[in-house]
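Can you keep this structure in mind? I'll have questions shortly.
The values are calculated or read from the model by the stated rules, or taken from the named source; none is laboratory data. Remember, it's a predicted structure, so these values are computed and weren't measured experimentally. Cβ placement follows ideal geometry from the backbone for every residue including glycine, while neighbour counts extend to all protein chains displayed.
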Amino acid sequence: IAKAVAALARCAGELGMVGGQVLDMNAETRLCTEQEVYDIQSRKTGALISAACQLGVIAAGGAQTQLLQAERYAEAIGLAFQIEDDTFVRLYGIDRCRKLIAEQTATALQAAEALNAPFLGELAKTLQNRDY
């Protein structure tokens, strides 16, 4: 249980979602650098997805290698989601964003395969190909 609580605290706290939200609010009145955008986005949606993935591995008694793959998967789909929905278009334009989304989805698919979790792979593809 302690390992799960530590993972959740890390992903939700100042180095995770809460910290990302603070950075996001501080950046509302200016154009951010590329690194600032990555830092904000990885700490917001990516942190929450990472917590869910890590908690699943921990609850199942998974190995450290599985935990690392879960983190890799979460980081990739979280970033792909944020590129699709947030501020990256201002930095890169639509075409570059589509390429970045495809790259992150490929990373997520590799991690899902390493986890032997086809559902996670399908989820990553769905996020990449969603319609509005």
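Only one of Glu75, Glu84 is at pLDDT 90 or above, under 13 Å from the mean Cα position of the chain (by Cα) and surrounded by 14 or more Cβ atoms within 10 Å (Cβ to Cβ). Can you tell me which?
Working: Glu84 fails: at pLDDT 90 or above.
Going through Glu75, Glu84 in turn, just one is at pLDDT 90 or above, under 13 Å from the mean Cα position of the chain (by Cα) and surrounded by 14 or more Cβ atoms within 10 Å (Cβ to Cβ): Glu75.
Taking region 87-116 as the search range and keeping residues that are under 17 Å from the mean Cα position of the chain (by Cα) and outside any helix (DSSP H, G or I), which one is surrounded by the most Cβ atoms within 10 Å (Cβ to Cβ)?
Leu115
May I pose another question? Mind listing whichever residues of region 15-43 are under 17 Å from Ile77 (Cβ atoms) and either of a type in the set (S, T, N, Q) or exposed (fewer than 15 other Cβ atoms within 10 Å of the Cβ) (or both)?
Result: Gln41, Ser42.
Go through region 52-94 and count every residue that is farther than 23 Å from Ala9 by Cβ, aliphatic (A, V, I, L, M) and in contact with a helix residue (DSSP H, G or I) (Cβ under 7 Å, 6 or more places away or on another chain). Outline the logic, then answer.
Taking region 52-94 as the starting set, the residues that turn out to be farther than 23 Å from Ala9 by Cβ are 80, 83-94.
Checking which are aliphatic (A, V, I, L, M) leaves us with 80, 83, 89, 91, 94.
Still in the running and in contact with a helix residue (DSSP H, G or I) (Cβ under 7 Å, 6 or more places away or on another chain): 80, 83, 89, 91.
Residues in region 52-94 being farther than 23 Å from Ala9 by Cβ, aliphatic (A, V, I, L, M) and in contact with a helix residue (DSSP H, G or I) (Cβ under 7 Å, 6 or more places away or on another chain): 4 in total.
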